[in-house]
Amino acid sequence: MVALREGLESHGKQALSPFFKLVNAPLKLGTKALEEQHALFENCSLEALLSGLDFLEKENVRDGLGEVSQPSCIFHGCLDQVIPLVDGFKVACALGGPVRMHLLPDAGHNLVASELSEVRSNVEQFLNAH
């Protein structure tokens, strides 16, 4: 988060390119795919991006996880370079209800881009079971 903030503050939205590469690792996205991701943030001001980072850095939602008593489904890519795998386990252990955790060995942070069919299938199974 600190590196992204520093990049945004010194280079503006151009700092998103290396971040998108990191988020999408281990996928090797081409120029067109990265441009499409940039386009999603085109109408978002730099101030809004920094405000979102402020929220993520300052708000600790983990303290309330024990109050979640509904069944939960967590997906985590084992190759995630943004959120360490151990943090996924910490969230799963902190939840107050039953948890189904899916580890995706070949996925990084952007699970929907790399493992859409597996995620979709497991979400459907989870929803049908609950």
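Looking at Gln37 and the list (1) modelled with pLDDT under 90; (2) outside the structural domain of Leu16 (by TED's automatic domain parsing); (3) surrounded by 15 or more Cβ atoms within 10 Å (Cβ to Cβ), which single condition is not satisfied?
Exception for Gln37: condition (2).
Under the condition of being in contact with a Pro (Cβ under 8 Å, 6 or more places away or on another chain) and of a type outside the set (Lys, Arg), which residue from the stretch 82-103 is surrounded by the most Cβ atoms within 10 Å (Cβ to Cβ)?
Filtering first and then ranking leaves Val99.
Taking the residues in the stretch 49-81 that are among the hydrophobic types (A, V, I, L, M, F, W, C) and more than 24 Å from Ser121 (Cα to Cα) as candidates, determine which candidate is surrounded by the most Cβ atoms within 10 Å (Cβ to Cβ).
Leu49
Taking Ala94 and the conditions (1) out of contact with any strand residue (DSSP E or B) (no Cβ under 9 Å at 6 or more places or on another chain); (2) under 24 Å from Leu27 (Cα atoms), which numbered condition does it fall short on, given that it satisfies the others?
(2)
Out of the residues in the stretch 1-19 that are assigned to a helix (DSSP H, G or I) and of a type in the set (A, V, I, L, M), which is surrounded by the fewest Cβ atoms within 10 Å (Cβ to Cβ)?
From the stretch 1-19, those assigned to a helix (DSSP H, G or I) are 2-19; that's our starting set.
Keeping just the survivors that are of a type in the set (A, V, I, L, M) gives 2-4, 8, 15-16.
Numbers: Val2: 8, Ala3: 11, Leu4: 18, Leu8: 18, Ala15: 19, Leu16: 21.
Only one residue fits best here, namely Val2.
Gly30 is checked against (1) over 20 Å from Leu111 (Cβ atoms); (2) more than 18 Å from the chain's Cα centre (by Cα) and fails just one. What number does that condition carry?
(1)
Go through the stretch 104-120 and give me each residue that's loosely packed, with under 12 Cβ neighbours inside 10 Å and out of contact with any Cys (no Cβ under 9 Å at 6 or more places or on another chain).
Answer for the stretch 104-120, where residues must be loosely packed, with under 12 Cβ neighbours inside 10 Å and out of contact with any Cys (no Cβ under 9 Å at 6 or more places or on another chain): Val112, Leu116, Ser117, Arg120.
Of all the helices (runs of 4 or more DSSP H) wholly in the stretch 23-130, which have at least 2 residues that are touching a residue at least 60 places away in the same chain (Cβ under 8 Å) and over 22 Å from Val2 (Cα atoms)?
111-114
Given the structure, is Gly30 modelled with pLDDT under 85 and under 21 Å from Leu116 (Cα atoms)?
Numbers: modelled with pLDDT under 85: yes; under 21 Å from Leu116 (Cα atoms): yes.
Yes; evaluated as a whole, the condition is true for this residue.
The values are calculated or read from the model by the stated rules, or taken from the named source; none is laboratory data. Computed from a prediction, not measured in an experiment: that's the story for all the values here. Virtual Cβ from ideal backbone geometry, glycine too; neighbours counted across all protein chains shown.
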